[in-house]
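J.: Before anything else, here's the structure in question.
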Amino acid sequence: DGGITQSPKYLFRKEGQNVTLSCEQNLNHDAMYWYRQDPGQGLRLIYYSQIVNDFQKGDIAEGYSVSREKKESFPLTVTSAQKNPTAFYLCASSIGLAGAYETQYFGPGTRLLVL
Amino acid sequence: KNEVEQSPQNLTAQEGEFITINCSYSVGISALHWLQQHPGGGIVSLFMLSSGKKKHGRLIATINIQEKHSSLHITASHPRDSAVYICAASPPYNTDKLIFGTGTRLQVFP
């Protein structure tokens, strides 16, 4: 079955620790995205990538880092510089960019909690 | 003021009722998306439209470009329709990104 997988489902972070969220897709999509969702707010874009070895900052990139070494993988690292990391993180992909006439496909999400 | 506003924030209905969720946007758009987020958190894309109306099963999405308004209708609602419905706009000034509304939480009771 084609789709997007995220792991883990739940992740706990200690103070000062970096953690990495996994996102894999087998849809052969070029574009991938990371979003953060907080209660009462719309999804906010953290980073996105249109092609392997290239990525751009979204609206809230501070405290996060990404890599795109393979087309199917787009891991997100939440660094210790992110002071309020508790949120629900969603990964998505699309054939091209989502701006016009592209449907985004979402993974099941990872809930990050700070201990 | 958010560029994409949804109403109502919360909506409850009895099974079988006709439901309307509204989305207004203040920016010009190239496309408007409707998404469904299930209680477990997963999101599914329902519609993408830039004009007129689209229908899929019991779901209908309409858009009025002049009034900068879109609606999502659910006919013969069912408890399994309970979810958060999110609209998102694709602004022409930046085609890399979507602007998301905060969502409408729908609960349908049997």
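The values are calculated or read from the model by the stated rules, or taken from the named source; none is laboratory data. All figures in this text were calculated on a predicted structure; none of them were measured in a lab. Here Cβ is always computed from backbone atoms with ideal geometry, including for glycine, and neighbour counts include all displayed protein chains. These accessible areas exclude ligands, DNA and RNA; they are computed on the full protein's heavy atoms, side chains included. Shrake-Rupley method; radii C 1.70, N 1.55, O 1.52, S 1.80 Å.
J.: For the pair A and B, how large is the buried accessible area, both sides, in square angstrom to the nearest 100, if the probe is 1.4 Å?
T.: About 1700 Å² of accessible surface is lost on pairing.
J.: For B:Leu106, what accessible area in Å² do you get when you roll a 1.4 Å probe over the heavy atoms of the protein chains, rounding to the nearest 10?
T.: Approximately 0 Å² for this residue.
J.: Rounded to the nearest whole Å², what accessible area per residue is found for the protein assembly as shown with the 1.4 Å probe?
T.: 48
J.: While we're here: Report, please, the projected area of segment B:1-57 averaged over directions, based on the convex hull of its C-alpha atoms, in nm².
T.: The number I arrive at for segment B:1-57 is 5.4 nm².
J.: So, with a 1.4 angstrom probe, what is the percent of accessible area on the protein assembly as shown that is carbon and sulfur?
T.: C and S atoms contribute 49 percent here.
J.: So, one more: Over all directions, what mean area does the Cα convex hull of the protein assembly as shown project, stated in square nanometres?
T.: With every direction weighted equally, the projected area is 12.5 nm².
J.: Once you charge only the Cβ atoms, +1 for Lys and Arg and -1 for Asp and Glu, what is the size of the charge dipole of the protein assembly as shown about its Cα centre, to the nearest 20 debye?
T.: Once rounded to the nearest 20, the dipole reads 220 debye.
J.: Treating the beta-carbon of each Lys and Arg as +1 and of each Asp and Glu as -1, no other charges, what is the dipole magnitude of chain B about its Cα centre, to the nearest 20 debye?
T.: The calculation lands at about 160 debye.
J.: Additional query: So what's the Cα pair-distance distribution over segment A:46-115, bin width 10 Å, in %?
T.: Reading upward from the zero bin: 18, 51, 27, 4, 0.
J.: Restricting to lysines 8 or more places apart or on different chains, can you count the pairs in segment A:5-100 with Cα atoms under 26 Å from each other?
T.: Taking the Cα cut-off of 26 Å, the pair count is 9.
J.: What share of all Cα pairs of chain B, in percent, falls into each consecutive 10 Å distance bin?
T.: Per 10 Å bin, starting at zero, the Cα-Cα P(r) for chain B comes out as 16, 49, 29, 6, 0 percent.
J.: While we're here: Between B:Ser26 and A:Gln50, how high is the FRET efficiency from 1/(1 + (r/R0)^6) when r is the Cβ-Cβ distance and R₀ = 30 Å? Nearest 0.05. Walk me through the numbers before you get to the answer.
T.: On the way: r = 27 Å, r/R0 = 0.90.
Approximately 0.65, to the nearest 0.05.
J.: Please compute the modelled spin-label separation between B:Ser82 and B:Asn10, points set 7 Å along Cα→Cβ, answer in nm with one decimal.
T.: The two pseudo-label positions are separated by 1.4 nm.
J.: Compute, for chain A, the length of the dipole vector about the Cα centre, with Cβ point charges of +1 (Lys, Arg) and -1 (Asp, Glu) only. Units Debye, rounded to 20.
T.: About 380 debye.
J.: A further question on this structure: Once phi is turned into θ = phi - 60°, what whole-Hz ³J(HN,Hα) does the Karplus curve with 6.51, -1.76 and 1.60 give for every residue of segment A:71-76, x standing for Gly and Pro?
T.: 4, 8, 10, 8, x, 10
J.: Between A:Ile51, B:Leu32, A:Ala81, whose Cα lies farthest towards the positive end of the dipole of the protein assembly as shown when Lys and Arg beta carbons carry +1 and Asp and Glu beta carbons carry -1, centred on the Cα centre?
T.: A:Ala81
J.: Using 7 Å Cα-to-Cβ label points, what is the B:Val44/B:Glu67 separation (nm, one decimal)?
T.: 2.9
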